[in-house]
Amino acid sequence: MKIADDWIWGEGVQTVLHLLTDSGHQGLLVGGCVRNALIGAPVADIDIATDALPERVVELAKAAGLKVVPTGIDHGTVTIVVNGEPHEVTTFRRDVSTDGRRATVAFATGIEEDAGRRDFTMNALYADAAGRIVDPLNGLPDLQARRVRFVGDADARIREDYLRILRFFRFHAWYGDAEEGMDADAIAACAANSAGIDTLSRERVGHEMRRLLAAPDPAPAIAAMQATGVLSRILPGADARALAPLIHLESPYAPDWLRRLAALGGQDHAGALRLSRDEVRRFDILREGIGSTAGPAELAYRHSADLARDITFLRGATLETPLPQGWEDAIALGARASFPLHAADLMPGLSGADLGARLKELEARWIASGFKLSREQLLA
Ligand code: ATP
Ligand code: MG
């Protein structure tokens with residue numbers, strides 16, 4: 001098995017792999033870049049595994065005049081930058097002890113051990129500079145069948161690192177076969193160990209949830225998280241029910257994890273997932289919008305066309321109602337509208353709180369007119 005020729009790695013990858021292999025070491029791509037190249041999905045970051053010790057990798061890179069950053073040298077990772085692109089090079093490792101969150105690592109002698117510490121068989125695939133696949137755990141058939149399967153015993157692997165529960169659902173959402181359903185052992189192990197999620201940092205949980213919710217269709221994975229008790233551990237009160245209808249309604253538009261999060265409901269998203277201030281602001285507008293009585297045009301006028309569209313989808317999904325007739329035109333109209341009055345128009349007759357109240361009232365009347373009333377009509 002070989003990676004298709006049009007997917008053969010760029011110049012930077014070739015440089016780093018040959019840097020290692022030309023000096024007698026092993027150098028293999030591993031993880032997401034190999035998995036994604038094999039299925040023709042975009043490759044985000046480049047991970048390289050080697051038997052060379054980190055100090056040796058640094059030495060080789062420096063001798064070749066390459067920029068090298070000791071990003072995680074304690075656990076065996078250095079980053080070699082070629083043409084501005086980072087390449088993470090990690091010495092073969094095995095996990096030796098763990099508290100369920102952070103593994104202590106030791107360097108491994110070979111690729112079998114390195115593969116054995118990885119989470120899923122489809123993530124334990126390696127490839128050389130020519131695109132030839134090295135598959136120590138027989139992960140290729142799983143990838144081809146879109147089966148997300150733990151390396152070794154699912155229960156034991158989860159107890160080593162509870163983040164793997166979330167990674168399981170994330171990888172299923174992105175690379176699993178939705179028709180085939182999920183690996184039964186994995187589901188049972190996720191359910192049995194869901195309490196372990198409480199030990200994870202909220203940054204890590206938030207990072208995983210963002211990536212899971214950004215998948216083309218995360219609804220089956222989120223439903224399974226709810227069924228296994230994992231979802232309520234992360235977001236108390238959340239309910240997956242509105243998600244599948246939302247995915248259906250929003251399908252002509254790009255996935256948006258925060259819009260999907262808003263469909264789940266529940267409490268304290270900001271704390272549970274460490275949302276940024278901007279994210280909280282947008283999230284609150286979406287949640288409040290679902291329950292408000294403002295139509296699409298008013299939402300577009302008050303917020304933006306995008307927010308109005310998101311709220312329209314969310315309402316349809318959560319209230320199980322069809323989208324209102326002509327919603328797209330209404331949003332376009334509202335987004336263009338600009339209120340023709342200013343505070344100065346009502347002064348000096350009104351001031352302070354009275355002025356504010358009167359302006360609001362006139363604005364409401366103007367919105368109700370479909371943004372038609374003119375300045376003169378409003379002042380009359
Ligand atoms: P992507 O970057 O597209 O999300 P990836 O597979 O590259 O997917 P990373 O989180 O970048 O995922 O990790 C790189 C590789 O490291 C994985 O493919 C996997 O082999 C291993 N890995 C990462 N996190 C864990 C973990 N928590 N437990 C076991 N192995 C892991
Ligand atoms: Mg990666």
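Would you kindly find the accessible area of Lys67, with a 1.4 Å probe and non-protein molecules such as ligands, DNA and RNA excluded, rounding to the nearest 10 Å²?
That residue has around 130 Å² of solvent-accessible surface.
For the chain, just the Cα set please: Rg and Dmax, both in angstrom.
Just the Cα atoms of the chain yield Rg and Dmax of 26.5, 88 Å.
Between Arg146 and Glu113, what is the label-point separation in nm under the 7 Å Cα-to-beta-carbon projection?
According to this spin-label approximation, the distance is 3.7 nm.
At 7 Å along the Cα-to-beta-carbon direction for both Ala64 and Gln267, put a label point, then send me their distance in nm to one decimal.
5.4 nm
With a 1.4 Å probe and all protein chains left in place, how much accessible area per residue does region 234-308 have, in Å²? Could the numbers behind the result be given before it?
Values: 3510 Å² over 75 residues.
For region 234-308, the solvent-accessible area averages 47 Å² per residue.
Find how many whole Å separate the alpha carbon centroid of region 142-187 from the alpha carbon centroid of region 1-49.
Rounded to whole Å, the Cα centres lie 24 Å apart.
Rule-of-thumb check for region 10-49: C-alpha Rg over 2.2 N^0.38 Å?
Numbers: Rg = 10.7 Å, N = 40, 2.2 N^0.38 = 8.9 Å.
This ratio for region 10-49 stands at 1.20.
So, counting K/R as plus one and D/E as minus one, what does the shell of residues with Cβ under 10 Å around Glu180 add up to?
Values: positive: Arg146, Arg147; negative: Asp177, Glu179, Asp183.
For residues surrounding Glu180, the net value is -1.
To the nearest 20 debye, what is the magnitude of the charge dipole of the chain about its Cα centre, counting +1 on the Cβ of each Lys and Arg and -1 on the Cβ of each Asp and Glu? Let's see the in-between values first.
On the way: 42 positive and 53 negative charges, 185 e Å.
In total the dipole reaches around 880 debye.
Gaussian network model of the chain, Cα springs within a sub-10 Å range: biggest mean-square fluctuation belongs to which of Ala337, Ala240, Ala305?
The residue with the greatest mean-square fluctuation here is Ala337.
Is any residue of region 40-64 close enough, with backbone N under 18 Å, to a label point placed 7 angstrom from the Cα of Glu11 along the Cα-Cβ axis, and if so, which?
64
So with the 1.4 Å probe, I'd like the accessible area per residue for region 1-144, rounded to whole Å².
Details: 6570 Å² over 144 residues.
Spelled out: the 1.4 Å probe surface of region 1-144, per residue, equals 46 Å².
Counting only helical runs of four or more DSSP H residues, what would the 222 nm mean residue ellipticity of the chain come to if each run contributes -39,500 (n - 2.57) and the total is spread over all its residues?
The per-residue figure over the chain is -14000 deg cm²/dmol.
Please state the relative contact order of the chain as a whole percent: Cα pairs under 8 Å, 6+ residues apart?
9 percent
Could you give the nm distance between label points at Ser251 and Thr71, where each point is 7 Å from its Cα heading toward the beta carbon?
That separation, rounded to one decimal, is 3.7 nm.
If you roll a 1.4 angstrom probe over the protein chains with everything in place, what fraction of the accessible area of region 237-380 belongs to carbon and sulfur, to the nearest %? Let's see the in-between values first.
On the way: 4120 of 7770 Å².
Answer for region 237-380: carbon and sulfur cover 53 percent of the accessible area.
Among the lysines, which have Cα under 21 Å from the Cα of Lys372 when same-chain residues fewer than 8 positions away are ignored?
Reachable lysines: Lys360.
Any idea how far the Cα center of region 207-262 sits from the one of region 290-365, in Å?
28 Å
Please give the FRET efficiency for Thr293 paired with Gln377, using the beta carbon to beta carbon distance and R0 = 30 Å, rounded to the nearest 0.05. Can you show the working numbers first?
Values: r = 24 Å, r/R0 = 0.81.
The formula returns an efficiency of 0.80 here.
Within the chain, which is the longest segment that contains none of the GluC sites (Glu not before Pro) sitting in a DSSP loop with at most 16 other Cβ atoms within 10 Å?
Details: sites that count: Glu179, Glu180, Glu320.
So the longest stretch without any such site is 1-178.
When the Karplus curve 6.51 cos²θ - 1.76 cosθ + 1.60 is applied with θ = phi - 60°, which whole-Hz ³J(HN,Hα) does each residue of region 152-168 get, with x for Gly and Pro?
3J(HN,Hα) across region 152-168, in whole Hz: x, 7, 4, 4, 5, 5, 5, 5, 6, 7, 5, 4, 4, 4, 5, 5, 4.
For Ala44 and Asn83 in the same chain, what is the full-extension length gain: residue separation times 0.36 nm, less their Cα-Cα distance, in nm?
Numbers: separation 39, 0.36 × 39 = 14.04 nm, distance 1.60 nm.
Between Ala44 and Asn83, full extension yields an extra 12.4 nm.
Projected onto the charge dipole of the chain (+1 at Lys/Arg Cβ, -1 at Asp/Glu Cβ, origin at the Cα centre), which of Ile247, Thr91, Ile3 gives the Cα projection farthest towards the positive end?
Final value for the positive-end residue is Ile247.
Tell me the accessible surface of Trp174 in square angstrom (1.4 angstrom probe, heavy atoms of protein chains only), to the nearest ten.
Per-residue accessible area (Trp174): approximately 100 Å².
Taking the dipole about the Cα centre of the chain, with the C-beta of Lys and Arg at +1 and of Asp and Glu at -1, give me whichever of Gly139, Val205, Gly12 is farthest to the positive side.
Result: Val205, furthest along the dipole toward the positive end.
Using the C-alpha atoms of region 263-380, what convex hull volume per residue, in cubic angstrom, is computed?
Values: hull volume 14.9 nm³, N = 118.
Measuring per residue, one finds 126 Å³ for the Cα hull of region 263-380.
Each residue of region 270-284 in turn: what ³J(HN,Hα) in whole Hz from Karplus with 6.51, -1.76, 1.60 and θ = phi - 60°, glycine and Pro shown as x?
Working through the residues one at a time gives 4, x, 5, 10, 6, 5, 6, 4, 5, 5, 4, 4, 5, 4, 5 Hz.
The values are calculated or read from the model by the stated rules, or taken from the named source; none is laboratory data. Computed from a prediction, not measured in an experiment: that's the story for all the values here. Backbone-built Cβ (ideal geometry, glycine too); neighbour counts: all protein chains shown. Note: areas computed on protein heavy atoms with side chains; ligands, DNA, RNA excluded. Shrake-Rupley method; radii C 1.70, N 1.55, O 1.52, S 1.80 Å.
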